[in-house]
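*Asks:* One structure follows; several queries about it will come next.
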Amino acid sequence: MIGRSNKLYSKVLKDFNVDKWDKKTIVVYGAGKVGRQIGNALKSKEIDDFIYCDAYIEEDSFIGKKIIRPESVSKFSNIIIGSSYYIIDIYKKLQKLGINNNFIFTANNLFCESKRIDNRHSLVELNINHSYEQAISSLNAYLNDGYVIEHLDLIITEICTLNCEACGSLMPLYVKPQNCDEENVIKGLDALLKSNCYIKELCIIGGEPFVNQKLMKQILVKYKDNRQIATFMTISNGTLLPTKEVLTAMKSNGKFIVVFSNYGNLSKAQEKAVQLLDEYGIESAIETKEDIVGHEGRIWIDYGKVKHYDFKYDKHQNMFLNCNERLMCTTLLNGKLFLCPRIAHAVNLGLIPSGLQGNYLDLLHEEYINSDNKIKQNMCINYLKNEEHPIACEYCNRDAGILVERAKQISREIVKE
């Protein structure tokens with residue numbers, strides 16, 4: 001456990017290994033969608049000696065299997081947790097019943113085998129397909145006294161192949177954009193992982209991430225077996241093709257997703273890129289108008305110019321507390337941890353004074369680096385969970401709700417203010 005040892009994820013539950021099955025009855029605890037998919041995977045391996053356990057669902061013809069109640073599950077020694085939403089609750093129930101961890105399993109291997117063979121999905125389908133492995137990440141955090149980061153934007157380049165007006169990540173404001181320093185990106189992620197965080201979704205992003213495929217490949221190879229990262233993804237504007245080396249790394253990683261922003265004619269390489277991903281068996285999704293907030297998928301919300309907005313304290317605080325980005329868009333740029341990509345790039349561009357209190361946590365600073373892992377964990381949690389808005393949030397006007405055309409291009413010759 002962290003605090004007693006620097007060894008991370010020491011109490012991870014094992015995936016159920018069909019090849020080492022002791023031929024005793026298997027219990028799939030959870031008769032919902034996840035549990036049934038695991039059951040289907042067992043059937044595909046000609047294993048029919050399994051039953052379901054569920055506190056609420058009754059036996060029905062669709063399942064075609066006996067369903068026992070949790071109070072009866074202690075009689076069995078092969079118990080698979082087959083739920084995403086209730087995974088921690090089920091584990092707590094099994095512990096309360098006195099069941100040894102050696103008899104409790106996850107089954108992400110079986111769940112993955114039960115997914116659709118087709119690699120092309122909608123965003124909703126992608127979320128469902130990876131809900132179980134991300135839930136396991138939450139369970140691992142619970143087992144090891146860790147904490148969960150729902151989504152982390154890992155920025156690998158400032159370079160973008162498009163020049164979109166009102167870009168939330170401020171890409172048009174970079175006069176001489178560059179790829180991020182490889183050493184700082186890796187050191188920053190390593191430093192964050194030492195805080196005992198469990199990342200449900202690590203998004204390798206830019207700019208346009210396929211500009212820096214060398215670093216993308218390095219990340220996919222280095223962290224593919226890291227139990228603290230549930231899934232990997234990248235969001236591309238569809239203007240560049242992945243190389244064979246990166247495609248191979250994506251396939252080898254085994255839990256990588258590519259999402260295309262789908263900017264119409266601007267995404268000129270999107271169709272070919274999807275074909276390549278299909279050939280390599282890599283999951284992908286193309287955003288549709290239903291996936292995008294705004295009128296018929298053609299509208300963005302403008303965050304406003306990066307300047308200090310002289311609102312009253314309560315208005316800044318309310319915008320902060322109601323901002324989804326602070327919860328879902330945690331960002332790592334050049335070894336610094338930010339609440340969102342807009343703050344990250346604004347500080348990186350020098351548009352917001354970097355020394356203002358609460359704007360970021362420097363994971364490469366000696367104070368953090370020289371701390372033990374428990375102190376690192378407390379520093380990260382205190383920063384990410386702080387209910388007081390950082391000064392950087394006073395440089396955002398997202399709450400005005402100003403709508404602009406999605407992916408509208410502006411001339412690169414326009415003088416930056």
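*Asks:* Using the Cα centre of region 18-113 as the reference point, and only Cβ charges (+1 on K/R, -1 on D/E), how large is the resulting charge dipole? Debye, rounded to the nearest 20.
*Replies:* For this selection, approximately 220 debye.
*Asks:* Okay, next question. Suppose each label sits 7 Å from its Cα in the direction of the beta carbon; what would the Lys43-Asp372 distance come out to in nanometres?
*Replies:* 5.2
*Asks:* Using modelled amide H (1.01 Å from N, peptide plane; none on Pro or chain starts), what sits under 5 Å from the amide H of Thr239, excluding residues fewer than 5 places away?
*Replies:* Ala269
*Asks:* Also: Hey, what do the phi angles of region 392-402 turn into as Karplus ³J(HN,Hα) couplings, whole Hz, using 6.51/-1.76/1.60 and θ = phi - 60°, x for Gly and Pro?
*Replies:* After applying 6.51 cos²θ - 1.76 cosθ + 1.60, I find 4, 5, 7, 9, 10, 10, 4, 5, 5, x, 6 Hz.
*Asks:* Let me ask another. For every other residue with a beta carbon closer than 13 angstrom to the beta carbon of Gly358, add +1 if it is Lys or Arg and -1 if Asp or Glu, then tell me the sum.
*Replies:* -1
*Asks:* Same structure, new question: What do you get for the angle between helix 270-279 and the principal long axis of the chain? Use alpha-carbon atoms, 0 to 90 degrees, nearest ten.
*Replies:* Value to nearest ten degrees: 30.
*Asks:* Relative to the Cα centre, what is the charge dipole magnitude of region 297-337, using +1 at the beta carbon of each Lys and Arg, -1 at the beta carbon of each Asp and Glu, and rounding to the nearest 20 debye?
*Replies:* On the way: 7 positive and 4 negative charges, 19 e Å.
About 80 debye.
*Asks:* On a 0 to 90 degree scale, rounded to 10, what angle separates helix 373-384 from the longest Cα axis of the chain?
*Replies:* That works out to roughly 60 degrees.
*Asks:* Which far-off residues, 5 or more places away or on another chain, put their amide H under 5 Å from the one on Phe105, with H placed in the peptide plane?
*Replies:* Ile79, Ile80, Ile81
*Asks:* For Asp225, what is the net charge nearby, where nearby means another residue's Cβ is under 14 Å from its Cβ and Lys, Arg count +1, Asp, Glu -1?
*Replies:* Counting the neighbours of Asp225, the net charge comes to +2.
*Asks:* Farthest toward the dipole's positive end in the chain, which of Trp300, Leu152, Val28, given Cβ charges of +1 (Lys, Arg) and -1 (Asp, Glu) about the Cα centre?
*Replies:* Selected residue: Val28.
*Asks:* What shape does region 306-345 take by its C-alpha gyration tensor, where a ≥ b ≥ c are the square roots of the eigenvalues and a/c under 1.5 counts as rounded, a/b above b/c as prolate, and the rest as oblate?
*Replies:* oblate
*Asks:* Next up: Once you sort the root eigenvalues of the Cα gyration tensor of region 18-113 as a ≥ b ≥ c, which label holds: rounded (a/c under 1.5), prolate (a/b larger than b/c) or oblate (the other case)?
*Replies:* rounded
*Asks:* Expressed as a rounded percentage, what relative contact order does region 18-113 have, with Cα pairs under 8 Å and six or more residues apart?
*Replies:* Once divided by the residue count of region 18-113, the mean separation gives 33 percent.
*Asks:* A further question follows. Which value in deg cm²/dmol, rounded to the nearest 500, describes the helix-derived mean residue ellipticity at 222 nm for the chain, given -39,500 (n - 2.57) per DSSP H run of n ≥ 4 and division by the residue count?
*Replies:* Result for the chain: -8500 deg cm²/dmol, rounded to the nearest 500.
*Asks:* For the chain, what is the percent of antiparallel DSSP beta bridges, rounded to the nearest 5?
*Replies:* Working: 11 of 51 bridges.
So the antiparallel bridges amount to about 20 percent of the total.
*Asks:* I've got another one for you. Could you tally the net charge around Lys43, taking each other residue with its Cβ under 14 Å from the Cβ of Lys43, Lys/Arg +1 and Asp/Glu -1?
*Replies:* Numbers: positive: Arg36, Lys45, Lys65; negative: Glu46, Asp48, Asp49, Glu113.
My count for the surroundings of Lys43 gives -1.
*Asks:* If you line up the long axis of helix 213-222 against the longest principal axis of the chain, both from Cα atoms, how many degrees apart are they, to the nearest 10?
*Replies:* 30
Only the coordinates and a few stated rules stand behind these numbers; no lab work does. The structure displayed is predicted, hence computed values, not measured ones. In this analysis, Cβ positions are derived from the backbone assuming ideal geometry, glycine residues included, and neighbour counts consider all displayed protein chains.
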